[in-house]
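The values are calculated or read from the model by the stated rules, or taken from the named source; none is laboratory data. None of the values given here were measured: they were computed from a predicted structure. Using ideal geometry, Cβ is built from the backbone for each residue, glycine included, and neighbour counts are taken over all protein chains shown.
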Amino acid sequence: MAHTHPLPRLLGSTVALKAAMAVSGLLLVGFLVGHMVGNLQVFGLFGGREAMNAYGAFLHSKPMLLWGARIGLLVMIAIHIGSAMTLIQRNQAARPIGYQMKKPIASTYASRTMRWSGPIITAYILYHLAHFTVAGVGIPGFPLKDAAQRVDVYQHVVNSFQSPLVSLLYVIAMGLLSMHLWHGLWSLFQSLGLSNSRWNALKRPMATGLTIFIIAGFMAVPLGVLFGIVK
């Protein structure tokens with residue numbers, strides 16, 4: 001009798017999928033924080049045009065690092081979504097006959113829309129990459145150069161968010177991200193097996209605080225441009 005190797009079964013187990021979703025989610029949160037900090041350089045308090053363009057020039061001088069980060073981001077997203085969709089399918093298969101009347105008692109709107117917000121956010125990320133880094137889709141005069149003949153990342157951001165439509169798409173994406181992020185952070189401890197009475201009371205406040213911190217940082221940029229603070 002042929003014996004199957006235990007490793008594929010282990011990697012495809014529900015526990016492994018939950019761990020993969022949690023770890024990839026944690027890495028994505030780290031990326032979000034780093035990206036938010038980079039974005040805030042657009043404000044004069046954090047360096048303004050000089051700091052942002054110098055940062056952009058550094059990244060473009062390291063193409064292996066830059067494209068490694070972009071590809072790594074997409075791989076983490078693929079692992080995150082793939083694990084989540086597999087778990088959803090298993091849950092549905094375990095309960096083939098749905099409830100006659102489904103009342104969401106313990107769940108939240110954010111948790112019930114996770115399966116939709118994830119793919120929509122991914123689609124926006126692909127658009128965002130094309131918009132700012134690949135082809136300058138929708139940015140007038142792309143690519144612009146500053147006085148030092150570097151790519152004028154600062155002006156690209158300003159020109160882009162001066163469009164109400166671009167800013168609106170960004171705000172919608174941030175709204176979806178806030179719900180996805182809040183529920184993901186809240187459930188992270190449980191997915192990693194760290195749920196206990198000591199941590200449970202802190203999960204929601206920590207998830208709420210970190211979500212507000214990240215989303216506020218991202219939202220500050222388009223709002224700063226639209227209200228003339230950044231120009």
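Quick look at the values:
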read-out	value
Some residue of the range 80-96 being at pLDDT below 85 and part of a loop (DSSP other than H, G, I, E, B)	yes
Neighbours by Cβ (under 6 Å, 6+ apart or cross-chain): first from the range 137-159, at pLDDT 85 or above; second basic (Lys, Arg)	Asp152/Lys145; Tyr154/Arg49
Residue within the range 171-193 that is surrounded by fewer than 17 Cβ atoms within 10 Å (Cβ to Cβ), in a helix (DSSP H, G or I), among the polar types (S, T, N, Q) and at pLDDT below 85 present	yes
Scope the range 119-136; condition modelled with pLDDT under 70 and either part of a helix (DSSP H, G or I) or hydroxyl-bearing (Ser, Thr, Tyr) (or both); matching residues	Thr133, Val134
Sole residue being over 16 Å from the mean Cα position of the chain (by Cα), surrounded by 15 or more Cβ atoms within 10 Å (Cβ to Cβ) and either among the small types (Gly, Ala, Ser) or modelled with pLDDT of 90 or more (or both), chosen from Gly47, Gly38, Gly68, Gly25	Gly47
Pairs with Cβ under 8 Å, 6+ apart, first in the range 70-83 and more than 19 Å from Tyr127 (Cβ to Cβ), second small (Gly, Ala, Ser) and part of a helix (DSSP H, G or I)	Ile79/Ala20; Ile79/Ser24; Ser83/Ala20; Ser83/Ser24
